[in-house]
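Here it is, the structure in full.
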Amino acid sequence: MKNTKHRAQAIAMVGAFTILSACAAHQSQPVHYYSNGTDLPFSEAVQVDDMLYLSGQIGVAPGTTSLVPGGMEAEARQTMDNIGSVLARRNLDFDAVVKCTIMLADMADWPAFNDIYVEYFKPGRLPARSAFASSGLAYGGKLEVECWAHTSAQHSLKE
């Protein structure tokens with residue numbers, strides 16, 4: 001009984017030490033907030049450790065709040081180009097993207113979006129993905145795409 005009690009205490013202490021070590025390591029890694037260069041109330045991206053979380057992008061022309069003309073195809077291409085610009089500012093490209101969430105104003109636009117989306121990724125390197133319909137998106141857009149990217153050296157562009 002006594003041996004079992006000591007073993008349980010030792011296991012608990014190792015577990016507590018592991019958790020404290022992980023917390024200390026995490027606290028030593030600062031969180032970086034990257035401005036979107038506007039007065040809009042969000043960061044364009046936030047980096048935590050090796051993950052870069054990109055805010056959702058829509059099909060607005062760079063530096064404006066105006067959607068590009070041309071419907072779903074034009075908005076999809078501009079949205080993906082906007083994501084590419086955020087990645088490039090962090091010295092990354094679409095190879096770094098590991099997860100995307102797609103929000104569509106109309107699920108009937110799913111095939112048209114997919115046709116554009118796959119052009120931005122290498123075959124066999126498609127990110128994990130979720131998609132859903134939304135009853136309303138910013139500026140009346142047809143879609144919004146949010147991504148996560150891994151900043152490891154194997155994915156990043158050469159500086």
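At 0.36 nm per residue, minus the direct Cα-Cα distance, what do Ser134 and Thr64 gain on full extension? Give it in nm, one decimal, please.
Using 0.36 nm per residue and subtracting the Cα-Cα distance, I get 22.9 nm.
May I pose another question? Which net charge results when you count Lys and Arg as +1 and Asp and Glu as -1 among the other residues whose beta-carbon is under 14 Å from that of Arg125?
0
Which FRET efficiency, nearest 0.05, do Leu40 and Lys99 yield, Cβ-Cβ r, R0 25 Å?
0.65
What's log10 of I(q)/I(0) for the range 31-150 at q = 0.16, 0.18 Å⁻¹, Debye sum over Cα points only, no solvent?
Listed by q, the Debye log ratios stand at -0.73, -0.93.
No lab work stands behind these numbers, since they all come straight from the coordinates. Note that the structure is predicted; figures quoted are calculated from it, not measured. No Cβ is skipped: glycine too gets one built from the backbone with ideal geometry, and neighbour counts run over all protein chains shown.
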